[in-house]
Structures are given as structure tokens and as C-alpha cells.
Amino acid sequence: MTANMVIAAIVVIAAACGLAFVRLGELAGCGRPAPRGSLRAPHGRLVRTRCLDEPAALGFGARLGRLAVPLAGVLLAFLALGLAGALPLSGVLAPTLELIVAVAVALGMTYADAGPWRALGYALGGYLALGAAATAAGMALMPGDTAGANALAMIAGTAGEALAVAWMPPKSAWAREFEDGHVNAIRVSDRSAAARAYRAAEDRSWRPPADRVRHAHAVDVVRDVRKGRDRDGE
């Protein structure tokens, strides 16, 4: 096993452990009963929740359409530079720069929907998955034609990135109250098990304290709720 393989294995294990802890935090107090103070229920069972800033629901087609034009523009620009000889497609510079610019464009357009790291992960994952498959196919179908294989990889990679980012679920902020009275806020994917548990426990009449949910970027929502309550004389 090479040093690079060891480093890659360590990174993968660390990422898996980090993801496990994140999921544990998202599902705190949910599911089967667990002793209060344990990792699964640090504040006891989950009592109630409230969605604070549910994002606008854009369908897959609408999200894909939003990404298609700018990503197609990036791809065509780099293919044109390659055909013009400014960035030869037979080298590694053109596909590398195209990948970086395409991912940066997708990240800039979608990071607010789901957070920068998730958007980056979906964009890179989609690009590399289809790009690598297209590279292998290109080298098999066009042996010796590196420029053609690179062009095919850029086209497939950009398409894979657009599809992956369009499929990426947005995140919503939720306020949570636990058995011991502790209140906090968390952002979770709308397609996660945590979101399903939160929707089942949602209490729309609950007014979470603004100071406990400020870090979830939902202060204005809570303030508006409180103003409405004051106008109603509650």
C-alpha cells in the first residue's frame, strides 16, 4: 500500500466518523428510548420541533434548468479554447481548469440551498463519477486520442455535475425542544431521516426563543412570529 493510499484511507475513515457523529446529533432524542445524557439522547427525548425557514420547493427540473445555461457556457468556452489551440485538449490543463470553474459556478449558485460543503461534495462527486467513466470509455473507444477522450470527459463530467447538484436536497432550519427543556436549532437535509422525525414532531404553535435559534439564521423568522403573536395580544 502506497503512502497516498494510506492517506486516502485515513481521510475516508475520518470523514465516515465525522458523518456518523453528525447523524447522531441530528437524531438526538429520536427513535427508540435511550438514557438521558447518553450520546443518543443528551437532553432526553425530543419533545417538539418547528421548521424555521423552510426553503422554496424547486423541483428537480427547475433546479437543473437553473444550472444548465451557466454550466453549458463554461463547457463550451473551454471546448472552444481547446479547439483554438489556446488550451490544448490533449493536455491536463484544459479539463482541470474546466472542472474547477464548473464546480465553482455550481457552488456559487447552490451553496445557500444546502451549505457550501454539501454543494461542493455533490458537484465534485457528480463531475468525477461521470467524468471518470467517460474517460475510461473514451480511451477504450478512441485509443491514442487523448484530446477526444478529454473532451468527452469534460462533457460527461459537466452533465454529471449538473444532475447531481440538481438532485441535491436543500437544508431547512429546525428548532428543537428536548425533555429537559433544552432548546437549540439545527439545519438538516430535507430528505434525511432527521427531517422526517422533525416533521412528525412539529408543533406550529410553538414559539422558540430567538436567542436559541440565532445561529440557524432564523432570527428574522422568529421575530416575525413574535410580532404576530404580540399583535394578537398573546
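The values are calculated or read from the model by the stated rules, or taken from the named source; none is laboratory data. The shown structure was predicted, so the numbers you read here are calculated from the model rather than taken from an experiment. Counting neighbours? That spans all protein chains shown, and the Cβs are built from the backbone with ideal geometry, glycine included. When the accessible area is computed, the model is the full protein with side chains, heavy atoms only, and any ligands, DNA or RNA have been set aside. Shrake-Rupley method; radii C 1.70, N 1.55, O 1.52, S 1.80 Å.
With respect to the numbered conditions (1) assigned to a helix (DSSP H, G or I); (2) modelled with pLDDT of 85 or more; (3) open to solvent by 10 Å² or more (accessible area, probe 1.4 Å), which one is the sole condition not fulfilled by residue 206?
Among (1) assigned to a helix (DSSP H, G or I); (2) modelled with pLDDT of 85 or more; (3) open to solvent by 10 Å² or more (accessible area, probe 1.4 Å), residue 206 violates only (1).
Identify, please: which residue in segment 126-168 is part of a loop (DSSP other than H, G, I, E, B) and either of a type in the set (D, E, K, R) or under 20 Å from residue 111 (Cβ atoms) (or both) and is, among those, least open to solvent (accessible area, probe 1.4 Å)?
168
One line per residue, one yes/no per condition, for (1) β-branched (Val, Ile, Thr); (2) out of contact with any helix residue (DSSP H, G or I) (no Cβ under 9 Å at 6 or more places or on another chain); (3) at pLDDT 80 or above; (4) farther than 17 Å from residue 191 by Cα:
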| site | (1), (2), (3), (4) |
| --- | --- |
| 5 | no, yes, no, yes |
| 18 | no, yes, no, yes |
| 22 | yes, yes, yes, no |
| 32 | no, yes, yes, yes |
| 35 | no, yes, yes, yes |
| 44 | no, yes, yes, yes |
| 52 | no, no, yes, no |
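When the residues of segment 169-184 are narrowed to those that are modelled with pLDDT of 90 or more and either within 12 Å of the chain's Cα centre (by Cα) or of a type in the set (A, V, I, L, M) (or both), which ends up surrounded by the most Cβ atoms within 10 Å (Cβ to Cβ)?
It comes out as 175.
Just wondering, is there one or more residues in segment 89-110 that are of a type in the set (S, T, N, Q), open to solvent by less than 50 Å² (accessible area, probe 1.4 Å) and assigned to a helix (DSSP H, G or I)?
Scanning segment 89-110, I find at least one residue that is of a type in the set (S, T, N, Q), open to solvent by less than 50 Å² (accessible area, probe 1.4 Å) and assigned to a helix (DSSP H, G or I), so the answer is yes.
Cβ contacts < 7 Å: first residue under 9 Å from residue 44 (Cα atoms), restricted to segment 168-185; second residue surrounded by fewer than 16 Cβ atoms within 10 Å (Cβ to Cβ), any location; separation 6+ or different chain. Result?
Correct list of pairs: 179/36; 180/36.
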